[in-house]
Number of protein chains: 2
Amino acid sequence: MTSTRPLRADAARNRRLLLAAAAEEFAERGLDVSVADIARRAGLGKGTLFRHFATKDDLLAAIVLDRIDALNVVGEQLLDAADPGAALLEFLTAAADQQRQRDLSFLQEAGELNADVIRAREQMFRTVHKLVDRAREHGAVRVDVTGADVILLMCAPNYVTSYVPDAPPDLWQRYLAIIFDGLRPEGAHPLPHPPPAAP
Amino acid sequence: MTSTRPLRADAARNRRLLLAAAAEEFAERGLDVSVADIARRAGLGKGTLFRHFATKDDLLAAIVLDRIDALNVVGEQLLDAADPGAALLEFLTAAADQQRQRDLSFLQEAGELNADVIRAREQMFRTVHKLVDRAREHGAVRVDVTGADVILLMCAPNYVTSYVPDAPPDLWQRYLAIIFDGLRPEGAHPLPHPPPAAP
DNA sequence: CAATAAACGGACCGCGCGGTCAACTTGCTA
DNA sequence: TAGCAAGTTGACCGCGCGGTCCGTTTATTG
């Protein structure tokens, strides 16, 4: 029973400031910005950061958890869209758009992350599987790709554009479109390797 | 005029040992293994490592340079293959296969790297452009993708599989096949964003 | 085989990191 | 508005990193 009494007003505000600062800092400069920089950006002391998040990883986990949950909500809403193929594309668009900029990828090895994150991630993965199954049944996706494939390919558009120096902010759409065309049944060539069991 | 006299026999051997150890270590444990670990793996002192490579980045650059050059050789040989579409696929296969495991990506911002690496990379990129142009003229690749697109997508198969915990070593082939299907003209949908000028 | 320059190695240095703590400030409540 | 728990802070700690340096070892060569 962790009956958490409500945060004091200033503490709640500072927590939000820290999360916002961290999200921006991670996005702009990658996952190894120092906690000192994050605290400075939030206009707070380093000690305050560690009062709210025991560890740098916990801070990251809190951000990632929010994003995964938000993404899962979008996915679930799309589960009963009229056009399952369009719904899957829309989901992938939302996913790439949300975690634009640098990575923050949620596809990390289990051990590295908080149990809450792992749980949320698995739920989101289940949603993706459903979206893919529906799209496949509807003939919008080739028969030989699985939910696991789509999960793995989900981050690729952002990854790919992260290497072009002054990329326009929506360049990723181009690569999502190419990859999505690769998922379509028309003109599909047989795949040389079975899908992974994992995600 | 840097008239470099030949290395002493043991020094030459140790240089090779260091390059091999670094390549393995980078591949297995990522780019931020310590130089101490690399030296230990090579069975040499840390000082020796720094005698051969002034900086950790120089060591990385030496490895990357080798790979880029090797890849460029493969690409140039494929330039007059009978089937330009198959040649492009073969090139991408060689690229992914060579730099399997962890990243070592050669698509980094210019400033980060040695001038030699940048030169080699640009040459390799020109080869890719030629391979793509030939494949496009031959109808093996959709008309709206460019060499720059292919360069960006080149590393995606390895990236994507790097997230599955105990991935079979050739799982990347599956995602290369999917992406390559996305590059084909059959069933291509118009792309939502112009290609980047950059690479 | 002696002489010598080249190569080696590991103790050492300074830095910046994630994380701690005790003195101080502040919002809440009775 | 007094009292106090909750919250804040920045100096501080230990660590491991990339990189240096110099006493020692070794391949080469006349």
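FYI, it's all coordinate maths here, none of it is from the lab. Nothing here was measured: the structure is a model prediction, and the numbers come from that model. Positions of Cβ are generated from backbone atoms using ideal geometry, with glycine treated the same way; all protein chains shown enter the neighbour counts.
Modelled spin labels at B:Asp166 and A:Glu137, positioned 7 Å past Cα toward Cβ, are 3.3 nm from each other.
Listed from fewest to most Cβ neighbours within 10 Å, the set A:Thr161, A:Thr48 follows the order A:Thr48, A:Thr161. Working from Cα pairs under 8 Å separated by at least six residues, relative contact order for chain B is 20 percent. The same position A:Gln77 in the other copies lies at 5.3 nm from this copy, comparing label points 7 Å beyond Cα toward the beta-carbon, shortest first. Which shape class applies to chain B: rounded if a/c is under 1.5, otherwise prolate when a/b exceeds b/c and oblate if not, where a ≥ b ≥ c are the square roots of the Cα gyration tensor eigenvalues? Prolate, because a/c is 1.5 or more and a/b exceeds b/c. As a calculated quantity, the FRET efficiency between B:Ala54 and A:Arg8 at R0 = 56 Å, using C-beta atoms, amounts to about 0.60.
Counting only other chain Cβ atoms within 10 Å of each residue's Cβ, the peptide B:156-163 averages 6.
Taking every DSSP helix (H) stretch of at least 4 residues in chain A, weighting each as -39,500 (n - 2.57) and dividing the sum by the residue count yields a mean residue ellipticity at 222 nm of -19500 deg cm²/dmol.
Any idea how far the Cα center of region B:112-137 sits from the one of region B:35-101, in Å? Each part's Cα centre sits 15 Å from the other's.
What the Cα convex hull of the protein assembly as shown gives, in volume per residue, is 183 Å³. Ascending distances from the A:Arg51 label point to its copies in the other chains, with the point 7 Å along the Cα-to-beta-carbon line: 5.4 nm.
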